[in-house]
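The values are calculated or read from the model by the stated rules, or taken from the named source; none is laboratory data. Note that the coordinates shown come from a computational prediction; the quantities given were computed from them, not determined experimentally. Note that each Cβ is placed from the backbone with ideal geometry, even for glycine, and that neighbours are counted across all protein chains shown.
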Amino acid sequence: MATPKLNPLYKFQFEKAQDAFVLLYPEGMITLNGSAGEIMQMVNGERDVDTIISDLIAKFPGAEGIDKDIHEFLDHAHEKKWIKYVD
Amino acid sequence: MSTKPVLKAYVNNPLWLLAELTYDCPLHCPYCSNPVQMTERKDECDTETWKKVLSEAREMGAVQLGFSGGEPLLRKDLEVLVAHASELGFYTNLITSGIGLTEKRIKGLKEAGLDHIQLSFQAANADENDLIGNKRHSFEQKLAVAKLVKQYDYPMVLNFCLTRQNIDKIDDVLALSCELGGDFVELATVQYYGWAYLNRDHLLPTKAQLETAEATVNAFRNTQGDDEPKFIFVTPDYYETRPKACMNGWATTFLTVTPDGSALPCHSAKILPLTFPNVKESSLEKIWHEDFSFNKFRGLDWLPSPCRDCDEKEKDFGGCRCQAFMLTGDMHKTDPVCDKSPDHHLIQAAIAQSQQPTENLFYRDPKTEIPVHLIQE
Ligand code: SF4
Ligand code: SF4
């Protein structure tokens with residue numbers, strides 16, 4: 001199972017002023033929305049995609065269709081090169 | 001003090017702080033954007049003042065921080081400032097010519113938490129690079145620095161300033177960028193501020209040169225693999241018919257602090273006939289929200305005709321105040337780059353004039369003339 005990790009070109013942190021998680025890179029910033037921020041918090045190069053899904057379901061038990069959202073976001077993040085897959 | 005009340009809640013705080021630590025530089029590029037009148041070393045802000053500025057900017061929500069100059073490596077306290085900024089949670093960018101970036105310093109900066117290094121080149125070969133920067137062996141040093149930047153795992157942005165002298169060799173620039181492994185590469189046609197404005201007639205590429213270069217870059221992009229550098233081509237706005245949205249709007253996003261502590265809404269604003277506040281005398285919060293100069297061109301209410309009634313005003317906010325001032329003598333006017341501006345002919349005249357320079361080409365400080373024939377095809 002694929003395990004995503006942050007592309008070292010980016011730095012991920014919470015910004016109080018934006019009230020959001022952001023990705024910082026040379027001279028730029030991407031502001032993530034609430035769910036994207038939750039997913040990115042799980043990306044650490046150790047959790048594989050299934051674990052990320054089950055951990056987020058445990059954290060937000062009521063959320064429906066959450067696995068689809070997670071796959072969609074990770075695809076997007078991969079395409080944008082925010083994340084890489086360890087294997 | 002402001003002339004009209006600005007509701008604080010509606011004013012965005014700065015996201016970007018550009019800390020120009022010193023104007024001093026081992027190189028003397030004729031296209032340098034530093035002011036022609038440069039602050040002397042003895043009048044530079046001290047370490048404590050800079051730390052205060054960084055803390056206040058971060059408190060306001062700024063997140064991107066550029067250490068720039070001149071050459072910021074000439075400041076011995078750079079590592080201390082980077083460490084402070086990093087602790088505050090800034091994303092720290094070092095914008096450097098690479099001269100003086102030894103392994104010891106690159107390691108020290110990494111330990112201090114520096115996030116990224118932007119390395120500038122004057123050309124893609126030693127002869128021209130060293131001639132344009134007016135320093136022998138600087139190309140060699142830059143190559144060594146690029147290796148170190150990679151070795152110490154920094155994201156690396158390469159910056160090439162393109163002028164009439166070097167733009168035809170864009171192929172070499174693309175090849176060198178790939179060889180060095182830049183993550184992003186800025187191919188920045190020089191913008192005409194500071195020394196570059198003084199030397200504009202020599203530096204402005206012709207439209208044909210520009211089009212060829214841009215086509216070359218576009219063609220190259222199509223052949224690129226996934227892990228190769230991302231090229232960003234910046235055209236000079238002289239050949240455009242709409243101005244750039246300068247600084248994303250006056251005092252909306254960017255804040256520059258110059259070596260002597262002047263706070264500016266853009267790094268070249270010091271040339272304007274306005275009195276700018278100093279960080280030694282006031283807090284950034286007060287400067288940003290209350291200073292006359294910061295409120296002067298904020299928003300759209302101040303716009304002159306024809307911008308006032310133009311449906312594109314939210315796109316470009318009437319363009320660049322410095323360019324309006326340099327070309328028309330009046331900072332309140334529409335940026336003459338816009339072809340709706342009654343002053344647009346000034347841009348056309350500047351382009352025509354650049355075909356036959358009447359002045360000599362000068363290096364930035366000391367004022368030495370450059371043997372132009374050496375760097376022209
Ligand atoms: S443009 Fe050249 S002279 Fe000016 S600061 Fe950069 S390296 Fe130094
Ligand atoms: S007239 Fe003013 S607002 Fe309209 S496009 Fe030109 S510069 Fe922009």
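Here are some conditions: (1) within 14 Å of chain A (Cβ to nearest Cβ); (2) in a helix (DSSP H, G or I). Residue B:195 meets all but one. Which one does it not meet?
Evaluating residue B:195 over (1) within 14 Å of chain A (Cβ to nearest Cβ); (2) in a helix (DSSP H, G or I) leaves (1) as the failure.
Answer yes or no as to whether residue B:298 is among the charged types (D, E, K, R), surrounded by fewer than 16 Cβ atoms within 10 Å (Cβ to Cβ), within 16 Å of ligand 2 (Cβ to nearest atom) and away from chain A (no Cβ under 14 Å). Give the steps one after another, and end with the answer.
Numbers: among the charged types (D, E, K, R): yes; surrounded by fewer than 16 Cβ atoms within 10 Å (Cβ to Cβ): no; within 16 Å of ligand 2 (Cβ to nearest atom): yes; away from chain A (no Cβ under 14 Å): yes.
Judged against the criteria, residue B:298 is not a match.
Quick one: in the stretch B:171-191, of everything that is closer than 19 Å to residue B:203 by Cα and not acidic (Asp, Glu), which residue is surrounded by the fewest Cβ atoms within 10 Å (Cβ to Cβ)?
B:188
How do the helices (runs of 4 or more DSSP H) wholly within the stretch B:103-180 filter down when requiring 1 or more residues that are hydroxyl-bearing (Ser, Thr, Tyr) and either free of Cβ contacts under 8 Å to residues at least 60 places away in the same chain or within 14 Å of chain A (Cβ to nearest Cβ) (or both): which remain?
Filter on the stretch B:103-180 gives B:170-180.
Test of understanding: among B:243, B:265, which residue is under 25 Å from residue B:333 (Cβ atoms) and more than 16 Å from the chain's Cα centre (by Cα)? Please lay out each step first, then the result.
Working: B:265 fails: more than 16 Å from the chain's Cα centre (by Cα).
Criteria check complete, one pass: B:243.
If we scan the stretch B:62-75, do we find a residue that is surrounded by fewer than 18 Cβ atoms within 10 Å (Cβ to Cβ), out of contact with any helix residue (DSSP H, G or I) (no Cβ under 9 Å at 6 or more places or on another chain) and modelled with pLDDT of 95 or more?
There is no residue in the stretch B:62-75 that is surrounded by fewer than 18 Cβ atoms within 10 Å (Cβ to Cβ), out of contact with any helix residue (DSSP H, G or I) (no Cβ under 9 Å at 6 or more places or on another chain) and modelled with pLDDT of 95 or more.
I'm checking my understanding of the structure. Among residues of the stretch B:346-365 that are within 16 Å of ligand 1 (Cβ to nearest atom) and part of a loop (DSSP other than H, G, I, E, B), which one is nearest to the other protein chains (Cβ to nearest Cβ)?
B:364
Which of the residues belonging to the stretch B:312-345 are within 14 Å of ligand 2 (Cβ to nearest atom) and outside any loop (DSSP other than H, G, I, E, B)?
Within the stretch B:312-345, B:313, B:314, B:315, B:316, B:321, B:323, B:324, B:327, B:328, B:344 qualify.
Tally up the residues in the stretch B:56-81 that are free of Cβ contacts under 8 Å to residues at least 40 places away in the same chain and either in contact with a Gly (Cβ under 6 Å, 6 or more places away or on another chain) or more than 14 Å from chain A (Cβ to nearest Cβ) (or both), please.
5
Please verify whether the stretch B:357-364 includes one or more residues that are among the β-branched types (Val, Ile, Thr) and either surrounded by 13 or more Cβ atoms within 10 Å (Cβ to Cβ) or within 12 Å of ligand 2 (Cβ to nearest atom) (or both).
no
Taking residue B:266 as meeting all but one of (1) in a strand (DSSP E or B); (2) within 24 Å of residue B:322 (Cα to Cα), write down the number of the exception.
(1)
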